[in-house]
Structures are given as structure tokens and as C-alpha cells.
Amino acid sequence: MQELFDKMKEYLNMDTEISFEEFDSYYKQVIAFLNDNWKELNEEDTLHMLFILDNLKSNSEDRAKRRTKESKKYKKMEERSSIWASAMIKRLRDLGLSDQDIRTRYEEIYEAV
């Protein structure tokens, strides 16, 4: 989990955009991790995963609008990232966090990155 979070921080601090191949590879790593481990994520890891998914969603949404040969793939990534992000929010609520708690903690992660 930490490796995926660190990689997202690296991507966010880059001056250039990664290729479709690298984006797709990272996305697939995140989804594979979630498929295998989402039920075991603690509160902090769930917040970090929400941060990762939110960034994947917004970046794939932006890339899907460009009308390239990968547009449809980006659109599917956006949709699946959105579904997983919703699941992470539900999990955080189930762990006892309010929507305000989630927003506050998310903003703290965003500012730290």
C-alpha cells in the first residue's frame, strides 16, 4: 500500500505527464491491490487509497476528454476508479468517520503531498 501511495506522490510532483502505458500499469496495480486487500485496509490506508483513487479518477477523466485512441480506456479507468473511491468512502463511514472527518483528513494528505 505504501509503495502505491509513494508512487502517486512521485507522479503528482512531476513536471511532465506519464505515458498511457505507465498510467495503465499503475492503474492496474492499484486495482489488483484493491481486489486482493481492500477488506484489510485500516483507516489510514483507506484514506491513502481514497487519495490515490481520486487522483486516478481526475487524471483519467481529463485524459479521456482529449479524444485520443486511448480515450475509451481512460473513460473506463475513470468509472472504475470512481466506483472504488465510493467504496472507500463507505468503508471510512463504516469505520466511524463523518463526512467532515473524511474531508479534513483528505485535505491533510493533499497538503502533505
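Every number in this text was worked out from the coordinates using simple rules, so none of it is lab data. As the structure is a computational prediction, the values presented were derived from the model and not from experiment. Please note: Cβ atoms are built from the backbone with ideal geometry, for glycine as well, and neighbour counts cover all protein chains shown.
Odds and ends about this structure:
- Going through (1) over 12 Å from the mean Cα position of the chain (by Cα); (2) in contact (Cβ under 8 Å) with a residue 60 or more places away in the chain one by one, Ala112 falls short only on (2).
- Checked against (1) farther than 12 Å from Met1 by Cβ; (2) under 12 Å from the mean Cα position of the chain (by Cα), His48 passes all but condition (1).
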